[in-house]
1. Tell me, which helices (runs of 4 or more DSSP H) lie completely within segment 285-399 with 2 or more residues that are modelled with pLDDT of 80 or more?
2. Evaluate segment 14-28: report whether one residue or more is closer than 25 Å to residue 118 by Cα and either without any contact (Cβ under 8 Å) to a residue 40 or more places away in the chain or of a type in the set (Lys, Arg) (or both).
3. Restricting attention to segment 215-236, report how many residues are assigned to a helix (DSSP H, G or I) and open to solvent by 50 Å² or more (accessible area, probe 1.4 Å).
4. Hey, any hits in segment 32-42 for a residue that's assigned to a helix (DSSP H, G or I) and open to solvent by less than 50 Å² (accessible area, probe 1.4 Å)?
5. Could you give every pair whose Cβ atoms fall below 9 Å, whose first residue belongs to segment 112-134 and is more than 25 Å from residue 163 (Cβ to Cβ), and whose second residue is open to solvent by less than 60 Å² (accessible area, probe 1.4 Å) and among the charged types (D, E, K, R), counting only separations of at least 6 or pairs across chains?
6. Residues of segment 123-140 being surrounded by fewer than 17 Cβ atoms within 10 Å (Cβ to Cβ) and not in a helix (DSSP H, G or I), which ones?
7. Residue pairs, Cβ under 6 Å, 6 or more apart or interchain, first in segment 323-341 and on the phi > 0 side of the Ramachandran plot, second open to solvent by 50 Å² or more (accessible area, probe 1.4 Å) and at pLDDT 75 or above. List them.
8. Which ones in segment 237-279 are at pLDDT below 70 and open to solvent by 40 Å² or more (accessible area, probe 1.4 Å)?
Amino acid sequence: MTISLPSTSGRFGLGALLSVIGAVVVGFWLFQEAPAHGGLSPVVITVSLVALASWAARVLIFPGTPARDRVRDVLACVMLVGGSVMVVPTEALLITPAIIGALTATAEPRRPLAFGAILSLVGLAIITAASLLDARPAAFLVGCASGIALGFVVGISRRQARAAELRERELLERELDVEREQARSALLADRATVARDIHDVLAHSLGGLVIQLDAVEALLESGRTEDAALRVTAARVLAADGLGEARRAVATLRDPEADPARKTDGGADTDDPLAAPDAVDRLLAAHESLGGRVVVTGGTADIARLDPRHRRVLAAVLREGLSNARRHAPGEVVSLGVGPVTGGILRVRLSNGLGPADAEAPLTGAPAPTPPPPRRGLAAATACSVCASASTPSRTARS
C-alpha cells in the first residue's frame, strides 16, 4: 500500500490572487471616492494604504516557519485594526480588510480561538466608538459590526476545515509509520529465515565434510586409496550441494521473490534439491554415508507425493535433525517415522537415542559431575515432529 501525503508547501493559488486583486480594487476606489468626500487627510490615506498593503502582503507570505507565522499574525492584526479605524473616515470602504483580518486570525488552527475572538472584539469596539463619536446612524454601525461578525464565523468554519485536514494528515503519517514498520518487520523476518537456512546448510555440509575428511585420513593411513577416493568424491558432491544451497539463500536475501518456496510450479524451484521427490531418500543416504544409522518406519513414498513446497520444508527440517544427530549423538540410531496419512495430514517424526554422555547426565539440563566429552546432546536436541499436507489424487492438500 502506498500513501501520498497532501502537500503543505505554499502555493500562489486562486484565493491569494483574488486577495491581491481585492486589495488593489479597494485602493483604487479609495482614491476615486476621495474627492467626493472633500478629500482624505494624509493620515487616513497612510493608514488605509498600510491596511491594504498588509492584506496583499499576508497572502504572499506562505506559512511554514515560526517566523513567517508570526509575520502573518502581525499583518492580520494590522488589517483588522487599521481597517476598523478607517471604516468611518472612508465610509465603510476599509471594512473589507477588517473583515478579512478577523477571518484569517480566527481560521489559524495553530492559534487559540481566543486570538481571533479578541481581535474581532477589538475591531467591533473600534468601529462602535468611531461610529458613536461621528454620530453615524445605527444602520451603519449594525452593517459594519455584522461584517466583522461574519468574518469571525467564516473563520471558525475554515478553522474546523483546516483542523480536519491536519488530523487527516496525522492519520496518514501514522499509517505510513505502520506501513514502514510492517515492511521492516517483514524484511527482518525474511533475513531471519535466510539466516536459519544458511545455518542449516553450513551445519549439514561442513559437518559432513569434516566426517568425510576424517574418514579419508583414516583410509589413507590404512592404505585403502580407492575407498579414500570415493570418500573424496562424496565430499566434493556434499560441498557442491552446500554451495548451491548457500547461493540460493543469499539470492533470497537480495531478492525475496527469488525464494524457491515462493515460485510457481507448486511453490518450488525445479533446480532445488530439497524440493525433489527423492530429497528425503538422498538425505538419509548421505547420513548413512557419513557413518550414521537410520531406521525408517512407514517408508518415504508418502513424502514423495507431497507438493514441492511442503516437501522442501519437510526436507529442510529433516536435514537439520540429521545434522544435530551427527553432532550431538554420533553413532546413535536415528528413527524416522512416516505417516500414515490421516485426514490429508502426513505426520513425520525424527528422533534418536541419548548419546554416551547423556546416559549419565541429568535430564533436567544440569551439568554432569564429570567434564563432558567433546560431543554430547539430549534426545530433545535432535528430535523433531513435522506435520505437512499430503497431496493425494482424491483429496485437496491442506496446510
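1. On the way: elements: 301-304, 308-328, 379-382.
Because the criterion is at least 2 residues that are modelled with pLDDT of 80 or more, the helices (runs of 4 or more DSSP H) in segment 285-399 that meet it are 308-328.
2. No, segment 14-28 contains no residue that is closer than 25 Å to residue 118 by Cα and either without any contact (Cβ under 8 Å) to a residue 40 or more places away in the chain or of a type in the set (Lys, Arg) (or both).
3. Taking segment 215-236 as the starting set, the residues that turn out to be assigned to a helix (DSSP H, G or I) are 215-221, 225-236.
When the remaining residues are screened for being open to solvent by 50 Å² or more (accessible area, probe 1.4 Å), the result is 217-218, 220-221, 225-227, 229-233, 236.
Qualifying residue count for the region: 13.
4. Start the filter on segment 32-42 by keeping residues that are assigned to a helix (DSSP H, G or I), which leaves 32-33, 35-37, 42.
Filter again for open to solvent by less than 50 Å² (accessible area, probe 1.4 Å), leaving none.
No - not one qualifying residue is present in segment 32-42.
5. So the pair list comes out as 130/136.
6. Selection gives 134, 135, 137.
7. 339/298
8. 253, 254, 255, 256, 257, 262, 263, 264, 265, 266, 270, 271 - these are the residues of segment 237-279 that are at pLDDT below 70 and open to solvent by 40 Å² or more (accessible area, probe 1.4 Å).
The values are calculated or read from the model by the stated rules, or taken from the named source; none is laboratory data. All of these numbers come straight from a predicted model, not from anything done at the bench. Note: ideal-geometry Cβ built from the backbone for every residue, glycine included; neighbour counts use all protein chains shown. Please note that ligands, DNA and RNA were not included when accessible areas were found on the heavy atoms of the full protein model with its side chains. Shrake-Rupley method; radii C 1.70, N 1.55, O 1.52, S 1.80 Å.
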